Amino acid sequence: MKFLHLVWRSLMRRKLRTLFTALSIFIAFLLFGALMALRVAFGMGVDLAGQDRLVMIQKVSFIQPLPLSYRERIASTEGVSGVTHSSWFGGIYQDPKNFFAQFAVDPESWMQMYPEYVLPEAQKKAWYANRTGAVVGRALATRFGWKVGDRVPLRATIWRKADDSPWTFTIDGIYEAGTKGADETQFLRWLDLMGVQRHLKAAGIFARLWHRDGKPGYLADVPRTLGYVVEACERHDDLAALGELVRVRVLPAMQSSLAAARA
C-alpha cells in the first residue's frame, strides 16, 4: 500500500493515456460478455432440443404436413424410441398483434417427447381426455390472465371452419418449465426465423418456375407467401428492416409484375 500514491500519480501523469487504458479494459469485458451471451443463445436451441431428438419438416414450409405414413417408417427405424407429431395452427386471439405460436399435437406422445414441460398429473389427464383441450405455458397464461377452465377462441388462418367461426379451446392445464431456458410461452423466435427463410425460398422457387420454365401458376401465391414474411419480421426488431424492404419494395414490384402478366 505504501506505493499506492506513486501508482496514482503515475496514472494521473498522462490522463488521456489512463482514460484510453480504462476504456480498452471496459470494452474488452463488454465484448467478452456479448460474445458469451451469443454463444449461450446459439447453443440454447441445441441444448433444449437435446442430442437425442430430431425434428423433420416439409421442405417447402413447416406449415405443410408430412405424410402420416412417415410416422410408422420413422418409428421402425433402428435406434428410434419414440415418435410424435405437431401441426402449426396459426390462430389469432382477439387481435393479430397478440401473436403466440400454437400447435396441434398428440398429447401423450408429445409430453413423453418433451419431459421438460411439467404439467400436474390431474391437468395432464384432463387434457388427454378432452379433444378441444389445450395447455399453455405459465408466462402466456399470465400475459392474458388465463386460468384452468377458461375457454379461449382462436380465429383460424389455416384450418378454417366451413362457416369461418372461431375455434374454441378449453385450457386444461398450465405447464411450467422444468428445464432452464425451456420456452413457457411457445413464442418461438426460432420458428419465425425458420418460417421467414422457408417462405423466402418458396417465393424464389415460384419466381424461378415462371422465369425459367414459363409456369405462371404459382405467381398468385407469392404475395401471400411474402405477406407472411412481413408479418413475421414485424414481431422481431432485428428483422424489421427486412420486413420493411419486402413490404415497401418487393411486394409492390410483385403486384406490378402480376398485373403485367395478366394483361
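Observations on the structure shown:
- When each of Lys97/Lys215; Lys59/Lys97; Lys125/Lys161; Lys97/Lys161; Lys97/Lys201 is checked by Cα-Cα distance, pairs over 31 Å: Lys97/Lys215
- Nearby aspartates and glutamates by direct alpha-carbon distance to Lys124 (threshold 19 angstrom, same-chain neighbours under 8 apart not counted): Asp106, Glu108, Glu116, Asp150, Asp172, Glu176, Asp183, Glu184
- Working ranking of peptides 63-73, 128-138, 92-102 by packing, defined as the average number of other Cβ atoms within 10 Å per residue, highest first, is 128-138, 92-102, 63-73.
- Estimated dipole of the range 52-119 in Debye, rounded to 20 [Cβ of Lys and Arg +1, of Asp and Glu -1, Cα centre]: 260
Values in this text are rule-based calculations from the coordinates and carry no lab data. For clarity, every value in this text was computed on a predicted model and none was experimentally measured. Virtual Cβ from ideal backbone geometry, glycine too; neighbours counted across all protein chains shown.
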